[in-house]
Amino acid sequence: MTLLDTTTPTTGRSTTRTTGLDVTRLSTWFGIAFTACQLTVMVGMSIFVLPKGGGPGQDPSVWGHHVLEAADAYRIGNYVFMVAGVLLLGFLGAVHVRLRRADATGTLATVALAAGALLALVWPYAAVLHDVALDAADKGTDVRLLAGWDSVAPYSLAFSALPRVFFVMAIVLALRLVGDSPWLQRTGIAIALLSVVGTATTVSGAFFPALALSSLGYELWVGALAWHWLRDRKPLSDAA
């Protein structure tokens with residue numbers, strides 16, 4: 001059940017009415033779905049799809065042929081990655097409500113929404129670009145290009161780590177404002193710092209372990225945050 005504050009135009013008085021659907025709680029469940037789906041897809045891709053391709057040190061033509069032979073598996077994996085990533089959009093509604101209550105100026109909510117929208121776009125869009133490369137190779141272009149196009153995943157992930165820092169820190173600051181969940185605050189800061197290091201993957205592959213670890217930590221953190229909010233129905237603040 002959702003409580004809505006409305007103002008009567010004739011009297012100017014504020015009244016409260018209820019709706020049959022708690023949309024904020026529904027939005028919070030998208031955070032759980034995002035984490036569950038992202039982890040499932042990552043494990044599935046690592047077991048069933050990525051081994052069909054190649055790896056550093058392998059001849060690019062052999063690598064490209066392997067990827068092209070497994071094109072259908074890659075397309076399915078890319079599609080599922082897109083769906084799993086976009087689930088974050090559903091969670092942004094709950095993020096907006098919680099941050100708006102913690103910070104009446106709306107500054108933190110605005111930053112989190114903008115960063116979250118980029119997060120939901122950048123990483124899934126890498127799957128779209130990879131599909132374009134698969135189509136090009138399928139039509140006769142040099143398959144060695146597919147070996148190079150495999151780098152679109154880590155590069156896009158490194159790019160997405162930039163808005164991730166703003167997304168996580170906006171939520172951390174909101175939690176700090178209301179004195180809520182110190183452990184989510186501490187882990188959020190650690191994930192943000194590790195994400196900053198991981199963005200350097202676009203410069204050197206040596207930073208990829210930090211990127212991978214921060215990405216995994218971020219996905220788990222979103223799920224933990226959503227679960228915390230589902231269990232705690234108290235308003236973050238009376239500031240709004």
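Below is a table of values for the structure above.
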| item | result |
| --- | --- |
| Breaking point among (1) touching a residue at least 24 places away in the same chain (Cβ under 8 Å); (2) under 30 Å from L230 (Cα atoms); (3) of a type in the set (G, A, S); (4) surrounded by fewer than 17 Cβ atoms within 10 Å (Cβ to Cβ), for A94 | (4) |
| Segment 43-64, subset crowded, with 18+ Cβ neighbours inside 10 Å and in contact (Cβ under 8 Å) with a residue 40 or more places away in the chain, residue farthest from A136 (Cα to Cα) | G54 |
| Verdict on S214 being part of a helix (DSSP H, G or I) and modelled with pLDDT under 95 | no |
| So L194, is it closer than 27 Å to W149 by Cα, surrounded by 18 or more Cβ atoms within 10 Å (Cβ to Cβ) and not hydroxyl-bearing (S, T, Y) | yes |
| T187 being modelled with pLDDT of 95 or more, surrounded by fewer than 22 Cβ atoms within 10 Å (Cβ to Cβ) and not hydrophobic (A, V, I, L, M, F, W, C) | yes |
| Matching entry among A33, A115, A94 (being within 17 Å of S215 (Cβ to Cβ), modelled with pLDDT of 95 or more, under 18 Å from the mean Cα position of the chain (by Cα) and among the aliphatic types (A, V, I, L, M)) | A115 |
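The values are calculated or read from the model by the stated rules, or taken from the named source; none is laboratory data. Nothing here was measured: the structure is a model prediction, and the numbers come from that model. Virtual Cβ from ideal backbone geometry, glycine too; neighbours counted across all protein chains shown.
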